[in-house]
Amino acid sequence: MPTIVVDVMPKAELLDPQGKAIAGALGRLGQTQTALANISGVRVGKRFEISIDGAADADVLAAVRVLADSVLSNSVIEDVVGIHVQDAPSSAVA
């Protein structure tokens, strides 16, 4: 069963207070973890996973695009930045 993944992010020109708070926390952690010290910004978005029965053909993806633009995102403050198909794993890894 394929899954269609929709990624939504705040528009680039808008302030992202949640991302700013995370970046600040990472900055404080960076004082003790060198790898985190180089992170200069964080933007927080949303990810939707839509499971479908059948193939994820062009018609299904077009319908999901309409859904993403009209229901899953607020076009005033957000952009749909990605829609892609993620196939279900063929077997579970133990």
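The values are calculated or read from the model by the stated rules, or taken from the named source; none is laboratory data. Quick caveat, the model's predicted, so the values are computed rather than measured. Methodologically, a virtual Cβ is constructed for each residue, glycine included, from the backbone with ideal geometry; neighbour enumeration extends over all protein chains shown. The protein model used for the area step is the full one, side chains on, heavy atoms only, and it has no ligands, DNA or RNA in it. Shrake-Rupley method; radii C 1.70, N 1.55, O 1.52, S 1.80 Å.
Taking square-rooted eigenvalues a ≥ b ≥ c of the alpha carbon gyration tensor, is segment 29-74 rounded, prolate or oblate, where a/c under 1.5 means rounded and, failing that, a/b exceeding b/c means prolate?
Prolate, because a/c is 1.5 or more and a/b exceeds b/c.
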Quiz item: Going from most exposed to least, what order do Val76, Val5 have by accessible area with a 1.4 Å probe?
Solution: Val76, Val5
Self-check item: Unit charges on C-beta of K, R, D, E only; dipole of segment 3-86, Debye
Solution: 540
Quiz item: Rank Leu72, Leu14 by accessible area, highest first, at a 1.4 Å probe radius?
Solution: Leu14, Leu72
Practice problem: Please work out whether the chain counts as rounded, prolate or oblate from its C-alpha gyration tensor, where a ≥ b ≥ c are the square roots of the eigenvalues and a/c under 1.5 means rounded, while otherwise a/b larger than b/c means prolate and anything else oblate? | Solution: oblate
Practice problem: On the protein heavy atoms, probe 1.4 angstrom, tell me the percent of accessible surface of segment 3-86 carried by carbon and sulfur. | Solution: 56
Quiz item: In percent, what relative contact order does segment 3-86 have, based on Cα pairs under 8 Å that are 6 or more apart in sequence?
Solution: 53
Self-check item: By accessible area with a 1.4 Å probe, ligands and nucleic acids excluded, highest first: order of Ser40, Ser75
Solution: Ser40, Ser75
Quiz item: Among Gln18, Val85, Ala37, which residue has its Cα positioned farthest towards the positive end of the charge dipole of the chain, with +1 placed on the Cβ of Lys and Arg, -1 on the Cβ of Asp and Glu, and the dipole taken about the Cα centre?
Solution: Ala37
